[in-house]
1. For residues that are surrounded by fewer than 19 Cβ atoms within 10 Å (Cβ to Cβ) and either farther than 15 Å from G497 by Cα or in contact with a helix residue (DSSP H, G or I) (Cβ under 6 Å, 6 or more places away or on another chain) (or both), tally how many sit in region 335-356.
2. Is it the case, given these coordinates, that A115 is farther than 18 Å from L387 by Cα and either open to solvent by 30 Å² or more (accessible area, probe 1.4 Å) or at pLDDT below 75 (or both)?
3. List pairs: first in region 500-514 and open to solvent by less than 100 Å² (accessible area, probe 1.4 Å), second modelled with pLDDT of 85 or more and of a type in the set (K, R), Cβ under 8 Å, 6+ apart or cross-chain?
4. Hey, among the residues in region 303-350 that are among the charged types (D, E, K, R), in a loop (DSSP other than H, G, I, E, B) and modelled with pLDDT of 80 or more, which one's farthest from L483 (Cα to Cα)?
5. Just to be sure before I move on: is T10 open to solvent by 60 Å² or more (accessible area, probe 1.4 Å) and either modelled with pLDDT of 70 or more or of a type in the set (A, V, I, L, M) (or both) in the structure I sent?
6. All but one of (1) farther than 26 Å from I62 by Cα; (2) surrounded by 17 or more Cβ atoms within 10 Å (Cβ to Cβ) hold for L369, so report the exception by its number.
7. Can you pull out the residues in region 439-462 that are part of a loop (DSSP other than H, G, I, E, B) and open to solvent by 30 Å² or more (accessible area, probe 1.4 Å)?
Amino acid sequence: MSTTRALSPTSLASAGRNRRWAGLAVLVLAIVLVVVDATVLVLAIPEITETMRPSATQLLWIGDVYSFVLAGLLVSMGSLSDRIGRKRLLMTGSAAFGAASLLAAYAPAAGWLIAARALLGVAGATIMPSTLSLIRALFPDDRERATAIGIWGAAATAGAAAGPLLGGVLLEHFWWGSVFLLNLPVMALLIGLGLWLLPESRDPRPGRWDVLSVLLSMTGVIAVVYAVKEAAANGPGHWNVPVTAVLGTAALVLFVRRQLRLETPLLDVRLFADRRFTAAVVGALVAVLGLAGVVFFMSQYLQLVRDYSPLRAGLAEMPAFVGATVTAVLTARLARAAGARATLVGSMAALGLALGALGWLQQDSGYLLLATVFTVVGAGEGLVYTLSADMVLTAAPAARSGAASAVSETAYELGTALGIALFGSVLTAVYTRGVGVPADVPPAVAEQARQSLGAAMEAARTLPAATGTALTEAARGSFVHGLGTAAWLAALLVLAGALLAWRLLRPTGRVTRP
């Protein structure tokens with residue numbers, strides 16, 4: 001005769017709690033993979049430059065097309081997840097991410113790599129909003145959810161900071177495509193565990209998915225980002241800049257007006273009436289814009305100016321990983337102790353000052369300066385990213401958490417794309433105009449050297465020793481000058497964003513006398 005033993009309410013609650021935290025581990029795995037993919041490539045840029053010989057414009061596209069496409073699709077995919085189910089979209093996007101990674105690893109030319117990175121952006125857009133909105137479904141308790149978002153934010157910021165180190169380890173032993181092949185086993189694990197551990201979650205009354213709104217949001221975001229990119233690269237007078245700027249702005253205006261009329265909008269733009277929501281989105285956008293525009297090129301500085309190996313360059317950036325991990329985990333505690341306003345603005349101010357310190361960077365600057373900057377940058381970004389995500393998520397209704405999460409992620413990815421495009425173009429412009437090519441360098445080689453630092457290093461190898469050394473030093477000096485200029489501009493932008501966030505989060509209540 002067999003007997004069954006009933007579980008006590010305490011045991012059932014414990015089992016449910018354990019399953020929730022195991023589900024969080026799956027979501028952390030997903031977000032780490034997506035953010036690592038955004039930064040793991042930076043240390044491979046010199047090798048890609050040597051292998052594929054992309055133009056300066058193609059090099060920028062390789063770096064930012066991933067975030068560029070993510071930014072254009074996140075709102076649409078976040079709203080779609082509310083309708084068809086966040087788990088279903090996460091699993092579908094994960095499979096697509098693996099397939100696109102395989103295409104990127106074996107891309108035969110720069111154009112193919114750009115296309116594969118764009119496909120990765122499409123797949124990533126289905127993953128990112130689903131992870132944050134599923135956290136809300138897993139953790140209905142406010143305090144538990146704040147802790148879960150802190151862990152999620154720590155994983156996201158630490159993953160982005162650890163990407164270069166991971167890339168460095170792989171590039172020490174394999175070719176550049178290995179940074180994409182790493183995604184395949186992780187995706188297989190993610191899908192297997194996700195199907196088992198994650199609950200399905202969707203809006204019970206989703207309404208119609210408005211295709212016209214999707215097209216307007218995509219057109220608006222992509223056109224505006226493209227206009228900024230081209231204006232920075234070729235000047236605002238080029239015909240395609242005002243055309244795409246007007247097209248993008250018009251599409252976004254029509255998008256907002258349509259959302260205000262729809263009963264179930266793709267994005268509830270009325271959320272921006274909440275100053276807390278707006279400050280969080282603006283803070284994330286501005287902070288990441290300034291950060292991405294400079295940090296993307298720091299790996300080139302370490303490898304091409306300081307002659308670090310990929311692994312050593314990755315290790316040199318480890319303080320950012322430590323800073324991001326520690327502060328992201330402590331975000332909820334810091335916000336409760338000091339208040340969300342002081343925490344967000346203080347972290348943005350620290351980030352801005354750290355970026356400004358890079359303006360004094362020289363070819364032979366000591367590592368203490370770099371380590372300090374990386375630590376403060378990582379700490380500031382960890383706080384901004386995690387706190388802004390929590391502020392956005394708590395300001396939105398639970399049924400619209402996918403779309404609200406997408407707004408937070410759009411700010412992050414849009415900031416990344418704009419940062420690389422804008423400050424990368426500034427750096428390139430300063431480099432091109434300032435590089436002093438020795439007089440005895442052939443015109444064709446001189447033109448190659450003016451394209452980028454990587455191209456100059458390659459050109460120097462074809463010249464006599466003395467001339468090649470002179471060209472290398474001139475190119476390095478011009479690159480460092482451009483990096484410093486971009487860093488100062490990024491610092492001013494982030495500090496201005498901190499002031500704006502301070503104003504948006506100021507108390508509005510008035511004390512009335514009895």
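1. Let us first name the residues in region 335-356 that are surrounded by fewer than 19 Cβ atoms within 10 Å (Cβ to Cβ), namely 336-339, 341-342, 346, 349, 353.
When the remaining residues are screened for being either farther than 15 Å from G497 by Cα or in contact with a helix residue (DSSP H, G or I) (Cβ under 6 Å, 6 or more places away or on another chain) (or both), the result is 336-339, 349.
The qualifying residues number 5.
2. Details: farther than 18 Å from L387 by Cα: yes; either open to solvent by 30 Å² or more (accessible area, probe 1.4 Å) or at pLDDT below 75 (or both): yes.
Judged against the criteria, A115 is a match.
3. Within 8 Å, the pairs are A501/R341; L505/R341; R506/R341.
4. Just the residues of region 303-350 that are among the charged types (D, E, K, R), to begin with: 306-307, 312, 317, 333, 336, 341.
Still in the running and in a loop (DSSP other than H, G, I, E, B): 306-307, 317.
From what's left, modelled with pLDDT of 80 or more: 306-307.
Numbers: R306: 14, D307: 17 Å.
Here the answer is D307.
5. Values: open to solvent by 60 Å² or more (accessible area, probe 1.4 Å): yes; either modelled with pLDDT of 70 or more or of a type in the set (A, V, I, L, M) (or both): no.
Considered against the rule, which asks whether it is open to solvent by 60 Å² or more (accessible area, probe 1.4 Å) and either modelled with pLDDT of 70 or more or of a type in the set (A, V, I, L, M) (or both), T10 comes out as no.
6. (2)
7. Looking only at region 439-462, we keep the residues that are part of a loop (DSSP other than H, G, I, E, B), and these are 439-442, 450-452, 461-462.
Passing the criteria: A439, D440, P442, R450, Q451, R461, T462.
Here's the yes/no breakdown for (1) at pLDDT 80 or above; (2) touching a Pro at 6+ places or on another chain (Cβ under 8 Å); (3) open to solvent by less than 10 Å² (accessible area, probe 1.4 Å); (4) outside any helix (DSSP H, G or I):
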| site | (1), (2), (3), (4) |
| --- | --- |
| I149 | no, no, yes, no |
| A160 | no, no, no, no |
| F180 | yes, no, yes, no |
| L195 | yes, no, no, no |
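The values are calculated or read from the model by the stated rules, or taken from the named source; none is laboratory data. Model, not experiment: these values are computed from the prediction. All Cβ positions, glycine included, derive from the backbone under ideal geometry; neighbour counts span all protein chains shown. Ligands, DNA and RNA are stripped out before the accessible areas are found, and what is left, the full protein with its side chains, is counted by its heavy atoms. Shrake-Rupley method; radii C 1.70, N 1.55, O 1.52, S 1.80 Å.
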